[in-house]
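Below you'll find the structure, written out as structure tokens, and then a few comments.
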Amino acid sequence: MPTTATAAAQNAGIVDTAISFIQDGGFFMYPILIVLALGLALSLERIIYLQTTKARNQKTWKDVYPLIAKGQFRQALDVVSTSNTGMAKVIGYGLERAKTAKRHDDIELAMEEGLMEIIPRLETRTPYIATFANIATLLGLLGTILGLISAFTAVASADPAQKADLLSASISVAMNTTAFGLIAAIPMLLAFAFINSMTGKMVDSMEMASVKFVNVFRQVSAQQERKNDGQ
């Protein structure tokens, strides 16, 4: 029980310190807090979306690749036509183009077209996270500058004996906004880098799937041609 009570007291102390820190920083602490909440919410939404999309893409590839390897292109097209994943769209473009394409390069171009349609969906809203991080930093600096201006104005008319104490206290409070701006910006920049990395890996995986598709299609087509020639 004493341990639990101590932990609860420490947690309460941390919360009180955080509340006091925000209140001492003045008006600009609240816009920074809003920007932080928006940035973290957007980061969480993007991570969940990308993780879900990644899992669905992997499932689509596992379902389609065996059919392509066996030369069952019609069945593979049926599978991707019932799926709305990015992988299904890219493979679907390739399979549709393969019906009439005379060159394998035409299939690659069709799949690149599908990939170009998918990438904006993966990257949507991600740049806003970095923008929110920059806004938080700038709001912190602006709050500090305005706080310092107000501090020096107040100190100018104060008693000379109290000027040093008033100035140090005012500067300490004014610097809270810069500190909070950086505290808000750093996790958002880390989240932005992580989400960009996730997006890049997903694009690479779809590009790799496109290359594998074209290679397998060439092998199957060559085998079918040899079979036809043998008959």
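Within the chain, what is the number of lysine pairs with alpha carbons under 23 Å apart, leaving out pairs fewer than eight places apart on the same chain? Pairs that pass both the separation and distance tests number 28. The chymotrypsin sites (Phe, Trp or Tyr not before Pro) of the stretch 17-81 that meet both conditions, a loop assignment by DSSP and at most 10 other Cβ atoms within 10 Å of the site Cβ, are PHE27. Taking Cα atoms only, the orientation of helix 104-123 departs from the longest principal axis of the chain by about 20 degrees.
Extending 7 Å from Cα along the Cβ direction at LYS70 and again at GLU112 yields two label points whose distance is 3.3 nm. Restricting to DSSP H runs of at least four residues, report the calculated mean residue ellipticity at 222 nm for the chain, -39500 (n - 2.57) per run over all residues, nearest 500 deg cm²/dmol. Calculated from helices alone, the mean residue ellipticity at 222 nm is -32000 deg cm²/dmol.
Treating r as the C-beta distance of THR131 and VAL203 and R0 as 25 Å, the FRET efficiency rounds to 0.70. Dipole of the chain (Lys/Arg Cβ +1, Asp/Glu Cβ -1, origin at the Cα centre): which of LEU77, THR137, MET116 lies farthest to the positive side? Ranked along the dipole, the leading option is LEU77.
The trypsin sites (Lys or Arg not before Pro) of the stretch 25-110 that meet both conditions, a loop assignment by DSSP and at most 14 other Cβ atoms within 10 Å of the site Cβ, are LYS70, LYS99, LYS102, ARG103.
The length gained by stretching the chain between VAL211 and ASP24 to full extension, at 0.36 nm per residue less their Cα-Cα distance, is 61.5 nm. Of all the options SER172, SER43, SER210, the one that moves most in a Gaussian network model of the chain with Cα springs shorter than 10 angstrom is SER172. If you fit an axis through the alpha-carbon atoms of helix 86-98 and take the longest principal axis of the Cα set of the chain, what angle between them do you get, 0 to 90°, nearest 10? Around 30 degrees separate the two axes.
Read the figures in this text as sums done on the coordinates, not as results from a lab. Just so you know, these numbers come straight off a predicted model, no measurement behind them. Here the Cβ is made from the backbone with ideal geometry for all residues, glycine too, and neighbour counts use every protein chain on show.
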